[in-house]
Amino acid sequence: MIFPVSQADLDYLCSRDKKLAAVIGRYGLIGRECERDLFEAVVHNIVAQQISNAAQAAVWARLRERAGKIDAGTLARLVPADFAACGISERKAGYILDFAQKIRAGTFDLEALKTMDDASAIAALSSLKGIGVWTAEMLLLFCLRRRDILSFGDWGILQGLKKIYGREKITREFFERCRRRFSPLGSVASFYIWAAAAPQIHYCHFESPAGTMTLAEQGGAIIRLSFGETAVPTGILEDGNAVLKNACEWLRLYFAGTGKLPPQPKIKLSGTPFELAVWREARRIKYGRSRSYGDLAKSLADGGGNGKNPARAVARALGKNPVLIFVPCHRVIGGNGSLCGYSGGLDKKRALLRLEKIAFRDAVSLG
């Protein structure tokens with residue numbers, strides 16, 4: 001679900017502030033993903049507090065796997081040891097259980113939030129254990145899709161306002177002037193203020209024999225290469241970027257099928273320590289060669305993670321590979337030579353293996 005932003009919204013904000021208008025002109029229409037389930041969003045926000053994005057993603061995946069479904073009934077049945085096994089602290093587990101029990105007992109009404117004004121909804125949410133005002137504001141923005149949320153407690157908002165207006169400090173008085181100026185579209189303004197605060201991302205599309213691909217660059221390194229023609233939120237579509245042009249030229253040579261390739265463009269990977277280890281090992285697989293998921297797991301220092309099926313742990317990590325081909329996860333196949341999975345789609349993996357003349361069995365199983 002994407003937060004609804006129209007051209008009329010952007011026109012209004014541009015008419016209200018010339019400096020914000022310049023930012024809007026630079027980025028165009030920005031789409032931001034929203035969460036559908038409010039209960040799940042509250043729990044997710046508690047889990048994510050004070051840990052890195054990579055860590056919270058791993059913890060959240062373990063909780064989803066253990067609970068089966070994130071709702072009040074399933075979570076209320078968990079015991080402290082279950083939360084500890086997911087990497088959730090005793091304090092956070094207490095917050096989650098308290099919230100789940102209040103929902104089951106009917107002492108907290110999530111549906112009622114939908115009809116409250118912003119201030120009342122923020123007050124209600126921040127009365128929950130583990131939910132502060134900033135978290136409540138983000139829940140209103142990204143789950144309830146309220147259109148006038150601009151948070152003074154958000155570091156990215158303050159940094160973005162500094163950049164846009166050239167100020168060393170954002171006082172509460174100045175912030176309130178901005179908030180009034182952007183109202184009733186503070187949420188839409190927030191998207192562009194966050195974009196101004198973030199390191200610039202440029203992206204482009206590349207037409208390959210296997211289909212359209214999207215590349216993104218940040219800070220002189222490729223951070224994304226995926227199949228499909230998609231927009232990159234907070235990114236600028238730019239074909240003239242030197243790093244992107246170099247990457248596209250490398251891809252052109254790769255798809256020519258000669259196997260004679262220059263050094264890869266610089267890439268920047270972000271993931272959990274285990275994912276990074278898997279991706280590093282996958283990068284060692286040479287053009288025209290393949291390895292199995294199980295073999296890749298055995299070569300890792302921790303034997304493929306602490307799970308019961310190391311090969312599947314490797315497969316899950318490869319499924320999150322942000323830079324396809326540059327991290328050649330298509331060269332990892334089943335132990336019996338079968339095709340197995342690929343985040344870009346099995347048809348794309350099949351095409352890449354055939355391009356490199358790598359033998360495989362055209363079946364889907366994990367070995």
* Residue in the stretch 145-161 that is farther than 30 Å from K348 by Cα and without any contact (Cβ under 8 Å) to a residue 12 or more places away in the chain present -> yes
* Select from the stretch 98-146 the residues that are of a type in the set (K, R) and either over 15 Å from D37 (Cα atoms) or in contact with a Phe, Trp or Tyr (Cβ under 7 Å, 6 or more places away or on another chain) (or both) and list them in ascending order. => K102, R104, K129, R145
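Mind telling me which of the residues G156, G106, G166 ends up being under 29 Å from K18 (Cα atoms) and surrounded by fewer than 15 Cβ atoms within 10 Å (Cβ to Cβ)? First the steps, then the outcome.
Values: G156 fails: surrounded by fewer than 15 Cβ atoms within 10 Å (Cβ to Cβ); G106 fails: under 29 Å from K18 (Cα atoms).
G166 is the lone residue from the list that is under 29 Å from K18 (Cα atoms) and surrounded by fewer than 15 Cβ atoms within 10 Å (Cβ to Cβ).
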* Members of the stretch 318-350 found to be assigned to a helix (DSSP H, G or I) and either surrounded by fewer than 18 Cβ atoms within 10 Å (Cβ to Cβ) or in the same structural domain as E207 (by TED's automatic domain parsing) (or both), listed by number -> G319, L346, D347, R350
* Test: E238 is within 23 Å of G341 (Cβ to Cβ), free of Cβ contacts under 8 Å to residues at least 40 places away in the same chain and within 23 Å of the chain's Cα centre (by Cα) -> no
* How many of the residues in the stretch 276-292 are without any contact (Cβ under 8 Å) to a residue 24 or more places away in the chain and either surrounded by fewer than 18 Cβ atoms within 10 Å (Cβ to Cβ) or at positive phi (or both)? -> 4
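Return the total of residues in the stretch 258-304 being of a type in the set (K, R), closer than 28 Å to K357 by Cβ and assigned to a loop (DSSP other than H, G, I, E, B).
Let us first name the residues in the stretch 258-304 that are of a type in the set (K, R), namely 260, 266, 268, 280, 283-284, 286, 289, 291, 298.
If we keep only those that are closer than 28 Å to K357 by Cβ as well, we get 260, 266, 280, 283-284, 286, 289, 291, 298.
Now narrow it down to the ones that are assigned to a loop (DSSP other than H, G, I, E, B): 260, 266, 284, 286, 289.
Count: 5.
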* Restrict the check to the stretch 70-79 and report whether at least one residue is out of contact with any Gly (no Cβ under 6 Å at 6 or more places or on another chain), surrounded by 14 or more Cβ atoms within 10 Å (Cβ to Cβ) and among the basic types (K, R). => no
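Of all residues in the stretch 10-47 being of a type in the set (F, W, Y) and in contact with a helix residue (DSSP H, G or I) (Cβ under 7 Å, 6 or more places away or on another chain), which is modelled with the lowest pLDDT? Working first, answer last.
So the first thing to find is which residues in the stretch 10-47 are of a type in the set (F, W, Y), and the list is 12, 27, 39.
After this cut, where a residue has to be in contact with a helix residue (DSSP H, G or I) (Cβ under 7 Å, 6 or more places away or on another chain) as well, the list is 27, 39.
Values: Y27: 80, F39: 95.
In this case the residue turns out to be Y27.
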* To do: Filter the helices (runs of 4 or more DSSP H) completely within the stretch 1-103 down to those with at least 3 residues that are under 22 Å from I164 (Cα atoms).
  => 7-16, 18-27
* To do: State which residue pairs qualify: first residue in contact (Cβ under 8 Å) with a residue 12 or more places away in the chain and within 25 Å of R145 (Cα to Cα) and inside the stretch 90-115, second residue surrounded by 19 or more Cβ atoms within 10 Å (Cβ to Cβ) and of a type in the set (F, W, Y) in any location, beta carbons under 7 Å apart, and separation of 6 or more residues or different chains.
  => K102/F108
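The values are calculated or read from the model by the stated rules, or taken from the named source; none is laboratory data. In this text, all values refer to a predicted model and were calculated from it rather than measured experimentally. Positions of Cβ are backbone-derived with ideal geometry, glycine not excepted, and every protein chain shown enters the neighbour counts.
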